[in-house]
Amino acid sequence: MHDLKHKCGVFGIFGIDEAAVLTTLGLHSLQHRGQEGAGIVSYDGKSFHSVRKEGLVGDNFDNAETLGKLPGRQAVGHVRYSTTGESRLENLQPLFANLAAGGFACSHNGNLTNTISLRKHLVQTGSIFQTTSDTEVILQLVARSDKQKTVDKLMDALSHIEGAYALIIMTNKKMIGVRDPFGIRPLVLGEKNGAYVLASETCALDIIGARYIRDVKNGEMVVVTNDGVESIQLFSQHKERPCIFERIYFARPDSIIDGQTVYAYRKNLGEQLAKENKIDADVIVPIPDSGVPAALGFAQQSGIPFELGIIRNHYIGRTFIEPSQSIRQFGVKLKHSVNRSAIKGQRVILIDDSLVRGTTANKVVRMIFEAGASEVHLGISSPPIKHPDFYGIDTPNYSELLAASHNLEEMTSVVGATSLFFLSLTGTYMAMGHPDRHEDVPQFTDHCFTGDYPVDARELMAEEVMKGVN
Ligand code: AMP
């Protein structure tokens, strides 16, 4: 079965001592992008070295023994998250292959949308796959390209693939970063003591004291060698359409996207939500941690006091990590507890950044009523998610997305709130500093709200439907 939906973090550094140690630090700061497993491939001038382990970076890489196995002045790393149950060790990245031209390590964040047919063709014509990851298709295409140079082979491979990707590739002489034609998944370029760094988010540059240079552009390939960085624009026909969910939910609040912290965008979303919804209440309570910046923005805009009415247990994983609905519900209980002193007798406005299945909201709303709140209004600082994602942020299929099959009244009843309100799409764009979404010139990849998929994802949609049937 094809391996769908992985949201991940990528990091690479070229030309510096203890590259694997710096990569470990980078992966630590990208841990929110994937907790299922992590991996690092390093190159020491003679050989490639690889360690990939299931679990958290801190539990597996922060020790002299592991880092001792990853010598060299260049390294590439990956944190992985998948939800298909295909959490096998061989699917962890970076993937590595010994190609005719030499070693080739590849870290991928995103989801390719045409790999089912590509893989079928490759298998029929003799390729042997070792993983169920869509990333291996890229390796196979590179291996089979009849071009001479690695960069040309890679360009050849990329001309066949479609979907969302931020890639970091490492060979014995190069580190290469690529973003898909729409720039759906993020990738930034930085520098530390003359060594170039590539990473999913700027927070990974900050942790190692690297300087941010710029974002890799949509459709751009950057090739880092001992001589510096070369930029090749592979696909130029598209306007950039970065994933709006990086700003709403996925990226770390201290990361900078398009000149502003993600925190600032999220506060703006909350402010905008308060402008659109005037509700009499005594207290604003965030669902931690995801709702905190938006709740602050909402409180500042509305003048209603902000209180930490829900306490989050930080020592368990994200709710989404559990594969089945029954266990997920239990996970939500473990994750949040109520702070009665802030809630009792109060009219509460509860704020979160998004509503996906409604599991979190339902649980937390009930908790707040049980703690003695007289009203619980639930405000979501983004529009209803009506369509699934196929580009790597892992939202579930239509049957599990609450807003795909319920109207506002029904959703309010499912989550058990006094009232439920969402931010408008226009308000969302305003909070992002782009007030002008037009049907023909959208600024973001926002299909979760609009159904406007920039890359044809029908192949994957069909597979989701098949899974639903099985
Ligand atoms: P749910 O409980 O299924 O409605 O999920 C909503 C919660 O999941 C919110 O607290 C969000 O912050 C969080 N969330 C939103 N999008 C995602 C995502 N793609 N992966 C994991 N969690 C998410």
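The values are calculated or read from the model by the stated rules, or taken from the named source; none is laboratory data. Being a predicted model, the structure only gives us computed values, none of them experimental. Cβ coordinates were reconstructed from backbone atoms using ideal geometry, including for glycine residues, and neighbour counts include every protein chain displayed.
Annotation: ALA264 fulfils all but one of (1) touching a residue at least 60 places away in the same chain (Cβ under 8 Å); (2) in a helix (DSSP H, G or I); (3) small (Gly, Ala, Ser); the unmet one is (1). For region 377-402, the set of residues classified as more than 19 Å from the chain's Cα centre (by Cα) and surrounded by 24 or more Cβ atoms within 10 Å (Cβ to Cβ) consists of LEU378, GLY379, ILE380, listed by residue number.
Go through region 397-410 and give me each residue that's more than 10 Å from the ligand (Cβ to nearest atom) and either in contact with a helix residue (DSSP H, G or I) (Cβ under 7 Å, 6 or more places away or on another chain) or in contact (Cβ under 8 Å) with a residue 60 or more places away in the chain (or both). Show your work before the answer.
First pass over region 397-410, keeping only residues more than 10 Å from the ligand (Cβ to nearest atom): 397-399, 404-410.
ASN397, TYR398, SER399, HIS406 - these are the residues of region 397-410 that are more than 10 Å from the ligand (Cβ to nearest atom) and either in contact with a helix residue (DSSP H, G or I) (Cβ under 7 Å, 6 or more places away or on another chain) or in contact (Cβ under 8 Å) with a residue 60 or more places away in the chain (or both).
Taking the numbered list (1) touching a strand residue (DSSP E or B) at 6+ places or on another chain (Cβ under 6 Å); (2) surrounded by fewer than 24 Cβ atoms within 10 Å (Cβ to Cβ); (3) farther than 16 Å from ILE256 by Cβ; (4) not β-branched (Val, Ile, Thr) in turn, MET175 passes all entries but (2). The residues of region 371-382 that are more than 13 Å from the ligand (Cβ to nearest atom) and not hydrophobic (A, V, I, L, M, F, W, C), listed by number, are GLY372, SER374, GLU375, HIS377. Looking at this structure, is SER87 surrounded by 14 or more Cβ atoms within 10 Å (Cβ to Cβ) and modelled with pLDDT of 95 or more? Answer is no for this residue.
Among the residues in region 411-424, are any closer than 25 Å to PRO253 by Cβ, away from the ligand (no atom under 13 Å from the Cβ) and in contact with a Pro (Cβ under 7 Å, 6 or more places away or on another chain)? Yes; the residues of region 411-424 include at least one that is closer than 25 Å to PRO253 by Cβ, away from the ligand (no atom under 13 Å from the Cβ) and in contact with a Pro (Cβ under 7 Å, 6 or more places away or on another chain). The single residue among ILE257, ILE279 that is more than 16 Å from the ligand (Cβ to nearest atom), modelled with pLDDT of 95 or more and more than 26 Å from VAL364 (Cβ to Cβ) turns out to be ILE257.
Being within 10 Å of the ligand (Cβ to nearest atom) and either under 21 Å from the mean Cα position of the chain (by Cα) or not charged (D, E, K, R) (or both) is the filter here; which residues of region 352-369 pass it? Even if it seems obvious, please write down each step before you answer.
So in region 352-369, the residues within 10 Å of the ligand (Cβ to nearest atom) come out as 352-364.
Passing the criteria: ASP352, ASP353, SER354, LEU355, VAL356, ARG357, GLY358, THR359, THR360, ALA361, ASN362, VAL364.
State whether the residues of region 178-198 include one that is more than 20 Å from GLN233 (Cα to Cα), surrounded by fewer than 20 Cβ atoms within 10 Å (Cβ to Cβ) and free of Cβ contacts under 8 Å to residues at least 24 places away in the same chain. Yes, region 178-198 contains at least one residue that is more than 20 Å from GLN233 (Cα to Cα), surrounded by fewer than 20 Cβ atoms within 10 Å (Cβ to Cβ) and free of Cβ contacts under 8 Å to residues at least 24 places away in the same chain.
Is it true that SER413 is of a type in the set (Gly, Ala, Ser) and in contact with a Ser or Thr (Cβ under 9 Å, 6 or more places away or on another chain)?
Details: of a type in the set (Gly, Ala, Ser): yes; in contact with a Ser or Thr (Cβ under 9 Å, 6 or more places away or on another chain): no.
Here the answer is no, as SER413 does not meet what is asked.
Which of the residues belonging to region 221-237 are over 17 Å from GLU191 (Cα atoms) and either among the polar types (S, T, N, Q) or without any contact (Cβ under 8 Å) to a residue 60 or more places away in the chain (or both)? GLN233, PHE235, SER236, GLN237 - these are the residues of region 221-237 that are over 17 Å from GLU191 (Cα atoms) and either among the polar types (S, T, N, Q) or without any contact (Cβ under 8 Å) to a residue 60 or more places away in the chain (or both). Tell me yes or no: at least one residue of region 335-355 is surrounded by fewer than 17 Cβ atoms within 10 Å (Cβ to Cβ), over 29 Å from MET430 (Cα atoms) and either of a type in the set (Ser, Thr, Tyr) or at pLDDT below 95 (or both). Checked region 335-355: at least one residue is surrounded by fewer than 17 Cβ atoms within 10 Å (Cβ to Cβ), over 29 Å from MET430 (Cα atoms) and either of a type in the set (Ser, Thr, Tyr) or at pLDDT below 95 (or both).
So how many residues does region 160-193 have that are among the small types (Gly, Ala, Ser), in contact with a Phe, Trp or Tyr (Cβ under 6 Å, 6 or more places away or on another chain) and closer than 14 Å to GLY9 by Cα?
Filtering region 160-193 down to residues among the small types (Gly, Ala, Ser) leaves 163-164, 166, 177, 183, 190.
Now drop any that are not in contact with a Phe, Trp or Tyr (Cβ under 6 Å, 6 or more places away or on another chain), which leaves 164, 190.
Then drop every residue that is not closer than 14 Å to GLY9 by Cα, which leaves 164.
The number of residues fulfilling the criteria is 1.
If you go through region 411-425 and keep only what is in contact with a helix residue (DSSP H, G or I) (Cβ under 9 Å, 6 or more places away or on another chain) and on the phi < 0 side of the Ramachandran plot, you end up with MET411, VAL414, VAL415, ALA417, THR418, SER419, LEU420, PHE421, PHE422, LEU423, SER424, LEU425.
Listed by position, the helices (runs of 4 or more DSSP H) enclosed by region 105-218 that each have at least 2 residues that are polar (S, T, N, Q) are 115-124, 135-144.
Tell me which strands (runs of 3 or more DSSP E) are completely within region 1-77 and hold 2 or more residues being surrounded by fewer than 24 Cβ atoms within 10 Å (Cβ to Cβ) and in the same structural domain as ALA199 (by TED's automatic domain parsing), or say none if there are none.
48-54
Within region 234-254, the set of residues being exposed (fewer than 15 other Cβ atoms within 10 Å of the Cβ), at pLDDT below 95 and over 20 Å from MET430 (Cβ atoms) comprises SER236, GLN237, HIS238.
Selection of first residues in region 358-379 that are among the β-branched types (Val, Ile, Thr) and of second residues that are assigned to a helix (DSSP H, G or I) and within 13 Å of the ligand (Cβ to nearest atom), restricted to Cβ pairs under 7 Å at least 6 apart or on distinct chains, gives the following pairs, ordered by first then second residue: THR359/THR319; THR359/ARG328; THR359/GLN329; THR359/VAL332; THR360/THR319; THR360/VAL332; VAL365/VAL415; VAL376/VAL365.
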